[in-house]
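The values are calculated or read from the model by the stated rules, or taken from the named source; none is laboratory data. Just so it is clear, the model here is predicted, and its values are computed rather than measured. Cβ coordinates were reconstructed from backbone atoms using ideal geometry, including for glycine residues, and neighbour counts include every protein chain displayed. With ligands, DNA and RNA removed, areas are computed over all heavy atoms of the protein, side chains included. Shrake-Rupley method; radii C 1.70, N 1.55, O 1.52, S 1.80 Å.
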Amino acid sequence: MAETHAAPAPAAPEGELSIRTLAMPADTNQNGDIFGGWLLSQMDLAGSIFAYKTTQSRNVTVAIEAMTFRKPVYVGDVVSVYGSLVRVGRTSITVHVAAWVQRRNESELILVTDGNYTYVAVDDDGHPQAIRQDSPSIKA
Ligand SMILES: CC(C)(COP(=O)(O)OP(=O)(O)OC[C@H]1O[C@@H](n2cnc3c(N)ncnc32)[C@H](O)[C@@H]1OP(=O)(O)O)[C@@H](O)C(=O)NCCC(=O)NCCS
């Protein structure tokens, strides 16, 4: 079976800071490690905020791809999640979402997890709707 490897981690966060939070004991799994699902959820929130700012539309998550869990997250880590635009389609937008941590008593930022989140702009009934391609965040 072919091995897959993640792209090398950039030296510093890229894109726009979307959310920052603290990993708490309540976010751990049965082994006392931070639960991957908690991190995915924070990243989804961050990507969704980025998608909303870009499209100015309600959106729903349709796909999460190319996730790489590079390093663990520990209780007490400050987690900062950044988004950057990958592509804008007719009704969907793909955001590269990257979670970085600053561990207690350390100044270095460490990339822990990244991946691509795709959101679909939807109307009030939850049906896909066209994204305005002339939005300043898209043209920029
Ligand atoms: C998202 C949803 C509205 C899309 O409805 P749909 O009828 O499948 O819509 P379409 O087939 O017209 O696709 C809409 C867009 O999504 C994209 N898309 C659909 N499935 C996709 C997938 N698996 N991966 C990436 N993009 C996808 C399409 O390419 C299209 O993009 P474009 O207009 O930019 O070309 C519908 O699938 C849905 O409601 N899903 C549940 C969403 C949800 O509950 N999310 C939270 C999960 S916890």
Euclidean distance between Cα centres, the stretch 55-74 to the stretch 80-140, Å:
8
Report the calculated FRET efficiency for Ser84 and Asp125 (r = Cβ-Cβ distance, R0 = 22 Å), to the nearest 0.05.
0.15
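Taking the Cα centre of the stretch 16-121 as the origin, how large is its charge dipole in debye, to the nearest 20, when only Lys and Arg (+1) and Asp and Glu (-1) carry charge on their Cβ atoms? Please report the intermediate quantities before stating the final value.
Numbers: 9 positive and 9 negative charges, 65 e Å.
Charge dipole, the stretch 16-121, about its Cα centre: 320 debye, nearest 20.
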Ranked highest first by the average count of other Cβ atoms within 10 Å around their residues, in what order do 31-37, 81-87 fall?
81-87, 31-37
Sequence-separation-based contact order of the chain, relative, with Cα cut under 8 Å and 6+ spacing, percent:
27
Give me, ordered by chain and number, the residues 5 or more places off Val62 or on other chains with an amide H under 5 Å from its own placed amide H.
Thr118, Tyr119, Val120
Any idea what angle helix 36-55 forms with the longest principal axis of the chain, computed on alpha-carbon atoms, 0 to 90 degrees, nearest 10?
30
Where the accessible area of the stretch 10-120 is counted over protein heavy atoms with a 1.4 Å probe, how much of it, in %, is carbon and sulfur?
52
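Show me the ranking of peptides 68-76, 21-29 by mean Cβ neighbours inside 10 Å, starting with the highest.
68-76, 21-29
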